[in-house]
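Q: Got a structure here, written out as structure tokens. Questions coming.
Taken together, the values in this text are just the output of simple stated rules run on the coordinates, not laboratory data. All figures in this text were calculated on a predicted structure; none of them were measured in a lab. Please note: Cβ atoms are built from the backbone with ideal geometry, for glycine as well, and neighbour counts cover all protein chains shown.
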Amino acid sequence: MRRYFVFCIGGKKFAIPMLEIEEVVLPQEISIVPEQDKYLKGVINLRGEIVTVVDIKIKLGLGDSEIVDKKTCFVVFKVDGHKVAVIVDEVEDVVQIQETEIKDVRDLKKTKFVEGLYRTNNDQLLLIANSRKLLEIDVIEKLKNAA
Amino acid sequence: MKKVKISHYLSILVTIPIFILVGMLYLGQTSLTGVGSYMEKLYRNPYATSSSIKDIRSGVFELQCLNLEENQSLKNSRKIEEINKNVEKSIEILKISYLGDHEHISALESKYKLWINSLFERRPSSVQPERSNPLYNNLLEAVDSINMYADTKGKEFYSKASLYTKRKIDVFLYTVISSIIVLVLASIFVSRRLNHIISGIMLKLKKGGVVVLNESNEIAKSSKALSDETNEAASALQESASSMEELSAMVKNNVNQAHKSKNLSEEMEKSAKVVCDKTSELIDSMGKIAESNQDIASLVLAIEEIAEKTKIIDDIVFQTKILSFNASVEAERAGEFGRGFSVVAQEVSNLAKTSGRASTEISEIVKSSVKNAQVIYENNKMRVEKGSSLVDDTASFIKKIEEDSANIRLNIEQILSASQDQAAGISQMNEAIGQLDQSTQLNASMATQSSTAALELNQQAINLQAMVGELEILVNGHRKSQDTDDQRSFAQEGGKVLILQDGHSKLKGVNGTKDKEFRKVANGANSWEKI
């Protein structure tokens with residue numbers, strides 16, 4: 001049994017293991033870094049630390065995120081020692097999932113971010129995501145350097 | 001032609017005899033005066049002389065006789081005295097009347113005195129024949145000579161008077177003859193002039209009579225036509241009068257209706273005023289409703305404030321949720337040590353969720369309330385605005401209705417007044433038509449009278465022509481034309497008779513008959529020849 005953090009992006013519910021999450025912060029002002037990919041929104045200053053903000057929605061092809069929604073918040077992950085803030089539409093819940101009940105979908109499609117599917121008791125479908133797939137490390141490095 | 005009045009001619013005819021008469025009277029008077037003076041002279045002188053001589057001679061003769069008879073009776077001495085006195089008186093008269101030498105009278109007187117004295121002296125012895133007495137003879141001679149003179153003088157006077165009378169008679173005769181000649185000439189002249197004038201007048205009278213005949217016929221026809229027309233007019237007037245009465249009834253009805261309309265319009269005006277007042281109240285009420293709506297708006301604001309406050313709760317819930325997530329993350333990281341904390345974090349998260357749901361519900365309720373309240377406010381606002389606009393429109397319409405009803409009342413009053421005037425006018429017209437009717441009937445009777453008068457005139461014209469004919473006979477001794485009967489009969493048939501300049505008659509036909517011109521060819525009724 002592992003605890004998963006459930007959040008919502010573009011109407012889809014994603015679940016990520018709790019240990020991969022650094023913290024959840026309220027939306028902040030993003031410093032735009034020019035000449036970058038569109039899904040790289042910019043960087044924020046998180047208690048003196050520069051954190052790259054990624055719009056997963058664009059990367060997943062689910063449209064553009066807007067931070068005007070009051071439910072919007074930044075979920076900060078730590079990937080290989082680098083903190084990345086992902087804009088999520090809403091943070092839902094913390095759930096416990098039996099890993100054996102996760103259906104592996106890595107073979108079905110060339111998915112990068114979504115690794116499996118889990119059906120909850122109230123018949124909701126959770127997409128089990130891999131935070132490492134969020135961003136390529138070199139891009140993160142580059143961003144960091146640029147910032 | 002010089003216009004001379006007939007009285008001038010008659011005056012001439014009267015004046016000439018008067019002048020003649022006056023001249024004759026003057027001549028007669030002067031003749032008589034001249035003859036009278038001769039006769040008076042004859043009477044006063046030769047006649048008186050002769051008479052005195054006769055008295056003297058008879059006295060002398062009587063005295064001579066008495067003288068011869070003296071001897072027989074002296075009682076006649078008184079008579080002698082008386083005779084002597086008479087003789088002396090006659091001698092005195094002789095003195096006055098004698099025209100010859102007065103010495104002859106003195107000689108006679110002395111001779112008489114001598115003789116008479118001789119008589120008284122010789123009375124006792126004077127009885128002798130007288131012829132023997134020379135004194136007596138001388139006396140007689142003297143007497144005779146005086147008598148002779150008187151006689152001669154008398155003859156002279158007589159011859160003078162005769163001559164004078166003869167001369168006067170000659171003058172008188174000449175005057176009379178010349179006067180008669182002048183009178184006859186004047187009479188002939190005047191009679192010819194009068195004849196001429198009367199003939200002219202007669203011709204004119206004749207023409208006039210014909211004209212009167214024609215015109216009287218025309219007048220008779222016209223009068224008949226007038227009478228017919230007047231009768232038609234009278235009947236038309238009666239129809240008009242009945243129409244006028246109907247009209248009058250209609251106008252009276254109009255007046256009544258106008259009265260009713262006036263009352264109704266007054267009531268309508270009052271009602272409009274009441275409605276106007278009520279509308280003002282309604283406008284006030286609408287204002288109050290609008291104010292109430294504003295209260296709703298402020299209520300909406302209050303609810304919106306609640307919504308704002310709910311958002312704060314939401315924020316708190318959100319932040320609490322994030323905090324609980326972070327707490328869960330920290331608890332997860334703490335591993336086994338973080339289990340209890342994880343449960344707490346879970347509970348906090350659950351509370352936050354509950355709070356969030358409650359807040360969401362509240363928020364939804366508030367949103368819904370706000371929405372409803374806004375909808376209500378907007379609807380109310382719209383309705384109030386619409387209502388206000390409707391009320392304003394209604395008020396303006398009612399104001400208009402009030403003004404219009406006032407105008408209607410004024411108009412109806414004017415209609416009423418006009419209808420009353422109309423009724424009065426129609427009444428006057430009724431009276432006028434009545435008078436006109438009477439006048440027309442009078443006209444009809446007058447037309448009838450006129451017709452009768454025209455017939456009478458016609459008869460008078462015929463009579464006039466007859467009289468002209470008589471006058472013609474009187475003036476000319478015969479009738480020049482006997483066409484009046486034909487003319488009369490023609491005229492009575494409706495034709496026109498025209499007297500032409502040459503004395504011919506022209507009979508102008510009627511009813512399509514041709515004009516006829518006739519010439520007199522003989523006397524009598526059928527004595528016309530068509531020209």
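Q: On a 29 Å Cα-Cα criterion, which of the cross-link pairs A:Lys71/A:Lys133; B:Lys371/B:Lys399; B:Lys288/B:Lys400 come out too long?
A: B:Lys371/B:Lys399
Q: A further question on this structure: Tell me the label-point distance for the pair B:Ser243, B:Lys224, using the 7 Å Cα-to-Cβ offset, in nm and rounded to one decimal.
A: Computed distance between label sites B:Ser243 and B:Lys224 equals 3.0 nm.
Q: What list of ³J(HN,Hα) couplings, whole Hz, do you get for the stretch A:29-39 from phi and the Karplus terms 6.51, -1.76, 1.60, once you set θ to phi - 60° and write x for glycine and proline?
A: Running phi through 6.51 cos²θ - 1.76 cosθ + 1.60 with θ = phi - 60° gives 6, 9, 7, 6, 9, x, 6, 10, 4, 5, 6 Hz.
Q: Another question, if that's okay. Give me the distance between the Cα centres of the stretch B:341-372 and the stretch B:88-106, rounded to whole Å.
A: 211 Å
Q: Once fully extended, how much extra length lies between B:Ser118 and B:Thr33, figured as 0.36 nm per residue of separation less the alpha-carbon to alpha-carbon distance?
A: Contour length minus the Cα-Cα distance gives 25.8 nm.
Q: Measure up A:Lys83/B:Lys309; B:Lys95/B:Lys168; B:Lys79/B:Lys113 against 29 Å on the Cα-Cα distance and list the ones that go over.
A: A:Lys83/B:Lys309; B:Lys95/B:Lys168
Q: Near the amide H of A:Glu23, under 5 Å away, which other amide H atoms are found, from residues 5 or more places off or on another chain, if H is placed in the peptide plane?
A: A:Val76
Q: Another one. Between B:Glu364 and B:Lys381, what length comes free when the chain is fully extended (0.36 nm per residue of separation minus the Cα-Cα distance, one decimal in nm)?
A: Residue separation times 0.36 nm, minus the Cα-Cα distance, leaves 3.7 nm.
Q: Quick one: net charge of B:Glu92's neighbours, Cβ under 14 Å, K/R +1, D/E -1?
A: In short, +1.
Q: Moving to a separate point now. Where q = 0.05, 0.08, 0.10, 0.13 Å⁻¹, what log10 of I(q)/I(0) comes from the Debye formula for chain B, counting one point per Cα?
A: Results for chain B at q = 0.05, 0.08, 0.10, 0.13 Å⁻¹ read -0.74, -0.93, -1.07, -1.24.
Q: May I pose another question? Two-decimal Rg/Rh of the stretch B:234-353 from alpha-carbon positions, Kirkwood Rh?
A: Dividing the radius of gyration by the Kirkwood radius yields 1.90.
Q: Report the gain in length on full extension from B:Arg357 to B:Leu474: 0.36 nm times residue separation, minus Cα-Cα distance, nm rounded to one decimal.
A: 26.2 nm
Q: Related question: I want the local charge near B:Ser222. Using Cβ-Cβ distances under 11 Å, sum +1 for each Lys or Arg and -1 for each Asp or Glu among the other residues.
A: Summing Lys and Arg as +1 and Asp and Glu as -1 gives -2.
Q: Using +1 on the beta carbon of Lys and Arg, -1 on that of Asp and Glu, and nothing else charged, what's the dipole of the stretch B:215-306 about the Cα centre, debye to 20?
A: The dipole magnitude comes to about 280 debye.
Q: While we're looking at this one, here's another question. Straight distance only, please: which aspartates and glutamates reach the Cα of A:Lys57 with their own Cα at less than 15 Å, same-chain residues fewer than 8 apart left out?
A: Leaving aside aspartates and glutamates fewer than 8 places away in the same chain, those within reach of A:Lys57 are A:Asp37, A:Glu66, A:Asp69, A:Asp89, A:Glu90.
Q: In whole Å and largest first, what semi-axes does the C-alpha gyration tensor of the stretch B:151-256 yield when each eigenvalue is scaled by 5 and square-rooted?
A: Semi-axis lengths for the stretch B:151-256 are 90, 22, 7 Å.
Q: At a Förster radius of 60 Å, what calculated FRET efficiency corresponds to the Cβ-Cβ distance of B:Glu281 and A:Ile32, to the nearest 0.05?
A: Step by step, r from the Cβ atoms, then E = 0.35.
Q: Report, in order of residue number, the helices in chain B meeting two criteria: a C-alpha extent of 20 Å or more along the helix axis, and a mean Kyte-Doolittle hydropathy of at least -1.0; treat each whole DSSP H run as one helix.
A: In chain B, the long hydrophobic H runs are B:6-42, B:48-69, B:77-97, B:102-121, B:134-334, B:339-476.
Q: So if R0 is 22 Å, what FRET efficiency would B:Ala453 and B:Lys204 give, r being the distance between their Cβ atoms, rounded to the nearest 0.05?
A: In this case the efficiency is close to 0.45.
Q: Same structure, new question: Have a look at B:Asn263, B:Ala290, B:Thr354 and report the one farthest towards the positive end of the charge dipole of the stretch B:234-443, computed about the Cα centre with Cβ charges (Lys/Arg +1, Asp/Glu -1).
A: B:Thr354
Q: Describe numerically, in nm with one decimal, the distance between label points set 7 Å from Cα along Cα→Cβ at A:Gln98 and at B:Ser178.
A: Placing both labels 7 Å along Cα→Cβ, they lie 20.5 nm apart.
Q: Continuing with this model, one more query. With label points built 7 Å along Cα→Cβ from the Cα atoms of B:Ser271 and B:Lys399, find their separation and express it in nm.
A: Here the modelled spin labels are 2.2 nm apart.
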